[in-house]
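Structure first, commentary second.
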């Protein structure tokens, strides 16, 4: 089925259709994330797997957002193929991100959704949204969001748990799945240009830091063992959760 008319005349509905799975992500020609990890002997020959990289950057200054496969931005663990795929894109892409929604900045794009239609799917919790990467638009040097479904890709047999076991990594040192890694990062919402709808701005949630257990911003939780039953102050817990999830 051809969705070009929907994309051209009602891009908000088009985006919503992708977020709901009614329109395949492949319609956006997403960047490839590379293949899952190969068996150990092959993976080793190819130079993988690659451990997570814990960096942080100032997302408020566009010029300071690092790009390229070696950029100083947080990265989940990567197979050799995924690392090589990142290298193939050069400095075009960088931080891992999620498209939240369109921004009403283009008067040529009408809002034709009728009242009563569900909206906000891309910004919903639980993995909603279009996953991808922040980068620079080819030819215009503008901060751009590129779709790339790195989040939902299966890790296969040789996954995070497998390699953690192979390397004897336990506790906080164990490698996380891509989804757990994303959940553990510090994220902020910024404005970028969509790579698939020219000159259309979008809100993008980007992972800008990956706090470690010893970092001051890492919320360790409360020692419930020191409290009698039902004596824990719920407000204290909620404030802690709010700080962790960046509500405050």
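Hey, which of the helices (runs of 4 or more DSSP H) in region 1-98, taking only ones fully inside, have at least 1 residues that are within 22 Å of residue 145 (Cβ to Cβ)? Steps first, please.
Working: elements: 4-9, 11-19, 40-45, 80-88.
Result: 4-9, 11-19, 80-88.
For residue 187, state whether it is in the same structural domain as residue 57 (by TED's automatic domain parsing), at pLDDT below 90 and not in a helix (DSSP H, G or I). No; evaluated as a whole, the condition is false for this residue.
The values are calculated or read from the model by the stated rules, or taken from the named source; none is laboratory data. Bear in mind that the values here come from a model prediction, so they are computed numbers and not experimental data. Please note: Cβ atoms are built from the backbone with ideal geometry, for glycine as well, and neighbour counts cover all protein chains shown.
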